[in-house]
Amino acid sequence: MKNLNLKTLKFDRNLDSHLDSPFIEKNGLLEFNPKFIEPEFLTTWTFETHLYDEQVAIDHFVITFPSRTELEKYAESFYPFGAKIVEGPDLFPINFCSTNINVPSDLWLHLMTLLMPAGGLVVLDAPHAAGDQKNRFQEERGLAAVHHVAIRVENVQNAATIWQNKNFKPMSDRALDYGSLTQWFLQNPAGQIIELIERHPGNNATLDCKNIAGLRLSEIAV
């Protein structure tokens, strides 16, 4: 886990909800707009957009790849544009967490995080084995699918109420908070996951192993 000097995300009230976003909403699910996941765009993006008619500040989002090799190739395209590697690439949880994290091997994945100049994080992941949970997700929804988008909020509980009114239901009975970050997965009837993330004052960690383990486990609990 690294603690970075992440920039505070502020809203542009004149933001056009149809532009400046890598996300497309289709039948309740999110897909990537291929024009807006290139390094030229993401390294200049403000990480502010509209999702499900809500103006949001994006903390991070996940792009999935068929293999670690393709993940690393994509990451390399960002280096000339000022993006920085802050986590990985490595196998979660085995090579990320110093303490024993009880996550079934079906939920392991190759993981890498890039810090964009605007302060947002782009998380890259890939299956660690054929037929694992990440591989099944890709086969079901395709590589353009957005696994989840993490929305930075001031208070997770208050934000959860807003998103529950949009028919997103919590995937666990409580938010996960092991002292570093407060995080919660919510899912709509179509199957799209959004994450609410509250960063505690002075804490800009990119990764909390116990939280991520809990989030991953919540995916198979629903």
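The numbers here are math on the coordinates, done by the rules we state, and not lab data. As the structure is a computational prediction, the values presented were derived from the model and not from experiment. Ideal geometry is used to build each Cβ from the backbone, glycine not excepted, and the neighbour counts take in all protein chains shown.
Computed from backbone phi with θ = phi - 60° and the Karplus coefficients 6.51, -1.76 and 1.60, the 3J(HN,Hα) list for segment 188-199 is 8, x, 6, x, 7, 9, 10, 10, 9, 10, 10, 8 Hz; x is used for glycine and proline. Is segment 111-197 rounded, prolate or oblate when judged by the Cα gyration tensor, a ≥ b ≥ c being the square roots of its eigenvalues, rounded requiring a/c under 1.5 and prolate requiring a/b larger than b/c? Taking the square roots of the gyration eigenvalues as a ≥ b ≥ c, segment 111-197 is oblate. Per residue, the convex hull spanned by the Cα atoms of the chain amounts to 118 cubic angstrom. Shown is the FRET efficiency for Arg136 and Tyr178, computed with R0 = 25 Å from the Cβ-Cβ distance and rounded to the nearest 0.05: 0.35.
Looking at segment 139-210, the chymotrypsin sites (Phe, Trp or Tyr not before Pro) that sit in a DSSP loop and have at most 15 other Cβ atoms within 10 Å of their own Cβ are Tyr178.
For the residue pair Lys84 and Asn102, what label-to-label distance in nm results when each label sits 7 Å from Cα along the Cα-to-beta-carbon direction? It works out to 3.7 nm between the two label points. In this structure the amide hydrogen of Asp59, modeled in the peptide plane, comes within under 5 Å of the amide hydrogens of Ala150, Ile151, Arg152, none closer than 5 places in sequence on its chain.
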